[in-house]
Amino acid sequence: MKTYQETVDWMFQQLPMFQRIGKQAFKKDLSNTIKLTKHLNNPEKGFKSIHVAGTNGKGSVSHMLASVFQSAGYKTGLYTSPHLRDFRERIRINGQVVPEANVVAFIEGNQVFLEENKLSFFEMTVGMAFDYFAKEKVDIAIIETGMGGRLDSTNIITPELSVITNIGLDHTAFLGTNLSEIAGEKAGIIKEGIPVVIGEKQEKTIPVFRSKAHEKSAKIFFAEDSNFPDYSTDLRGDYQQKNLRTVLSSLKVLKELGWEIDEKAIEDGLKNVKSNTGLRGRWDILHDAPKVICDTAHNAEGLQYVLKQLKNENYRQLHMVIGVVNDKDLSTVLPLFPKEAEFYFSKPDVPRGLDANLLQAEAAKYGLIGQVYNSIPKAYAAAKDVALNEDLIFIGGSNFTVAEVI
């Protein structure tokens, strides 16, 4: 009998996991996932779902939707990735992570099949989540794609609604090198006759989405075409306003489909996203005096919003603890950072982390100057040592950087 930790370690060692290792882990078809769900008696047919894709905002949108459904009294599954601290964050029901015993039992019960078919970490995780949601008889599950859409392991569901938040240049090695190519991959979650909500209107992507929706006879809704009353949310990033509109558009469509979600459920759900769902790392304020903020934004589009919001903060000196992964196009993100900040460079503790000396050298080309530290916690400690109460410390650059400080 394996312990929980041994089980998770075993899962991480299976065909390399994209989040930790990178390109070698990306699989270009769904055959393994289909094989696994068939072996599990097709759990994806045992619950209703909402499918969420997009370059930025899909995690926040998924958690907001889950929170509203919970507030409306529905038993709500939530599948997201990556996790920050514990693998089980990926699979929740009503905000509670899947029990350790379920993780162990799923792997033990299916290990021979998983090994024989060489399933990747992500494929087996999707199978585990769908199996858990079906067995626990959730009323609805919010399913976030891992990467892309068309060939993502989650793309075997027929949801009530598909949601695509926005399109940016991320994971270009896998999904395409321009916005319309990437939109084509994300549009792969649009299903026959199933409505789709598009979060942001972008000139290059509108035709791609319209064309796919037409091909699939799917009604298409652009969130930016609707006006909604002001709702407040406990997710504090300015960028959450766009996500909020996407969520409200989605709820409007879902109500028309017959889901009972009243005004109070929307208000309560949006105000209590963190406590209802356990979401962390989005404009997450860890400390006051000095103020410490971490955020998982890690591509140009996401960082633009976060760094713009940082400019509106009042501080004497800005300290930035930064670690990134090695497939990041630094020429698109480093120019966004403020030159007047003091930088603390480090490598996130994953194989895919970029060597901090390389990051320091690249950053210097853009006038960003700082020291190198041999771990994220040490970089953070160094910033805290010198920061005065009226200073601000920002920690980010990658999900993995944030995971080491929360």
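The values are calculated or read from the model by the stated rules, or taken from the named source; none is laboratory data. Remember, predicted model here, so these are calculated numbers, not experimental data. Every residue, glycine as well, gets a Cβ built from its backbone with ideal geometry; the counts of neighbours run over all protein chains shown. The accessibility values were calculated without ligands, DNA or RNA, using every heavy atom of the protein model including side chains. Shrake-Rupley method; radii C 1.70, N 1.55, O 1.52, S 1.80 Å.
Would you mind counting up the charge near ILE194? Only other residues with Cβ under 12 Å from its Cβ, with Lys and Arg at +1 and Asp and Glu at -1. Intermediate values should be presented prior to the final figure.
Values: positive: LYS48, LYS191, LYS212, LYS216, LYS219; negative: GLU160, GLU192.
Summing Lys/Arg as +1 and Asp/Glu as -1 gives +3.
How big is the stretch 91-152 in terms of Cα radius of gyration and Dmax, in angstroms?
When restricted to the Cα atoms of the stretch 91-152, Rg and Dmax are 12.4, 34 Å.
Projecting each Cα onto the charge dipole of the stretch 219-377 (Lys/Arg +1, Asp/Glu -1 at the beta carbon, about the Cα centre), which of ALA223, ALA341, ASN312 comes out farthest on the positive side?
ALA341
What does the accessible area per residue of the stretch 357-398 come to in Å², with a 1.4 Å probe and no ligands, DNA or RNA counted? Could the numbers behind the result be given before it?
Numbers: 2070 Å² over 42 residues.
Accessible area per residue: 49 Å².
May I ask for the net charge around GLY59, where only other residues with Cβ less than 9 Å from the Cβ of GLY59 are counted and Lys, Arg are +1 while Asp, Glu are -1?
Within the 9 Å Cβ shell, the charges total +1.
If a/c stays under 1.5 just call it rounded; otherwise compare a/b with b/c (prolate if a/b is bigger, oblate if not). Do that for the stretch 311-406, with a ≥ b ≥ c from the square roots of the Cα gyration tensor eigenvalues.
Since a/c reaches 1.5 but b/c is at least a/b, the shape of the stretch 311-406 is classed as oblate.
Roll a 1.4 Å probe over the protein heavy atoms and report the accessible area of TRP10 in Å², nearest 10.
Using a 1.4 Å probe on the heavy atoms, I get roughly 30 Å².
For LYS308, tell me the accessible area in Å² from a 1.4 Å probe, rounded to the nearest 10.
Roll a 1.4 Å probe over it and LYS308 shows about 140 Å².
What Kirkwood radius, in Å to one decimal, follows from the Cα pairs of the stretch 293-353? Don't jump to the answer; show the numbers that get you there.
Numbers: mean 1/r = 0.0798 Å⁻¹.
Taking the inverse mean of 1/r over all distinct Cα pairs, the stretch 293-353 comes out at 12.5 Å.
Using only Cα positions of the stretch 35-137, each an equal point scatterer, no hydration layer, compute I(q)/I(0) via Debye at q = 0.14, 0.21, 0.23 Å⁻¹ and quote the log10 values to two decimals.
Reported log10 I(q)/I(0), two decimals: -0.55, -1.20, -1.38.
Using the Kirkwood formula over every pair of different C-alpha atoms, what hydrodynamic radius in Å results for the stretch 208-262?
Its Kirkwood hydrodynamic radius stands at 12.9 Å.
Quick one: accessible area per residue over the stretch 137-255, 1.4 Å probe, rounded to a whole number of Å²?
Spelled out: the 1.4 Å probe surface of the stretch 137-255, per residue, equals 40 Å².
Stick to Cα atoms and the Kirkwood definition of Rh, then tell me Rg/Rh for the stretch 245-383.
With Rh from the inverse mean 1/r over Cα pairs, Rg/Rh is 1.08.
To the nearest 10 square angstrom, how much accessible area does ILE285 have with a 1.4 angstrom probe?
For ILE285, solvent-accessible area is about 50 Å².
Along the charge dipole of the chain, Cβ charges K/R +1 and D/E -1, which of LEU114, TYR366, CYS294 sits furthest on the positive end?
So the residue furthest toward the plus end is LEU114.
Return P(r) of the stretch 174-281 (all Cα-Cα pairs; 10 Å bins starting at 0; whole %; ordered from short to long distances).
Whole-percent P(r) values from 0 Å outward: 13, 38, 33, 16, 0.
Given all pairs of different Cα atoms, what value in angstroms does the Kirkwood hydrodynamic radius of the chain take?
After inverting the pairwise mean of 1/r, the radius is 21.7 Å.
How long is the stretch 106-243 along each principal axis, judged by its Cα atoms, biggest number first, in Å?
50, 35, 32
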